[in-house]
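Report on one structure; see the data block that follows.
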Amino acid sequence: MDPEKVKKNAEFLVKNLSGKEITGSVNVGIRYKKLVDFAKIYGITDPKYVGPEEDGIIACHAFANHFTIKALYKLLLGMKLTQEGKERTFILDPGKLLHAGQLYNWDGCEDVRSGDKLNITAKWGKVWVAVDNMILFAELHVEVKNQNDEMVCKPVVTAAVRPGGY
């Protein structure tokens, strides 16, 4: 993509995304085996995370990586925008989408348990472009709720998109 088109797209996205809801949501079912396998990857042996299913184990906090990033990629890859009267996808080249960071907030959140059905939504936060290399950065404020509409995680994920990808 030529540099002028990259610059034009960057200006459009910075101006139009910040503070807006990302349409749609992603649903994720939580299974006992996934909870245990994920905890074991990190060497966790505490029975509240890796005990028998009938004990009602909970997810270790690292498990949020399993559902948050996957859900955001689905939301971003399916996102449509109208630019200059034409519909376009947010991500023009999925190979240029990068995960650049995350911060998890557990205040007031319920534990994730086997059998939960999570619903994940997001809203755009700050959006900016690194002028020296034209990488677009965006904070995504995510809400993850269970089937009872209880908050289970409130991450802020930073996505980066290299030039030509947006």
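Taking every DSSP helix (H) stretch of at least 4 residues in the chain, weighting each as -39,500 (n - 2.57) and dividing the sum by the residue count yields a mean residue ellipticity at 222 nm of -8000 deg cm²/dmol. The chymotrypsin sites (Phe, Trp or Tyr not before Pro) of the range 49-140 that meet both conditions, a loop assignment by DSSP and at most 15 other Cβ atoms within 10 Å of the site Cβ, are 106. Calculated accessible area for the range 88-166 comes out at 47 Å² per residue, all protein chains present (probe 1.4 Å; ligands, DNA, RNA ignored).
Counting only protein heavy atoms and using a 1.4 Å probe, the accessible area of residue 66 comes to about 50 Å². Between the range 25-80 and the range 114-138, the C-alpha centres lie 20 angstrom from each other.
Calculated on the alpha-carbon coordinates, the convex hull of the range 72-122 measures out at 140 cubic angstrom per residue. Taking the Cα atoms of the range 14-81, the ratio Rg/Rh between the radius of gyration and the Kirkwood radius comes to 1.15.
The calculated P(r) of the range 69-166, using every Cα pair and 10 Å bins from 0, goes 15, 42, 28, 13, 2 in percent. Of the accessible area of the range 1-144, computed with a 1.4 Å probe over protein heavy atoms only, carbon and sulfur atoms account for 51 percent. For residue 17, the shell of other residues with beta-carbons less than 12 Å away shows a net charge of +1, using +1 for Lys and Arg and -1 for Asp and Glu.
The values are calculated or read from the model by the stated rules, or taken from the named source; none is laboratory data. All figures in this text were calculated on a predicted structure; none of them were measured in a lab. Every residue, glycine as well, gets a Cβ built from its backbone with ideal geometry; the counts of neighbours run over all protein chains shown. Surface accessibility is based on the protein's heavy atoms, side chains included, excluding ligands, DNA and RNA. Shrake-Rupley method; radii C 1.70, N 1.55, O 1.52, S 1.80 Å.
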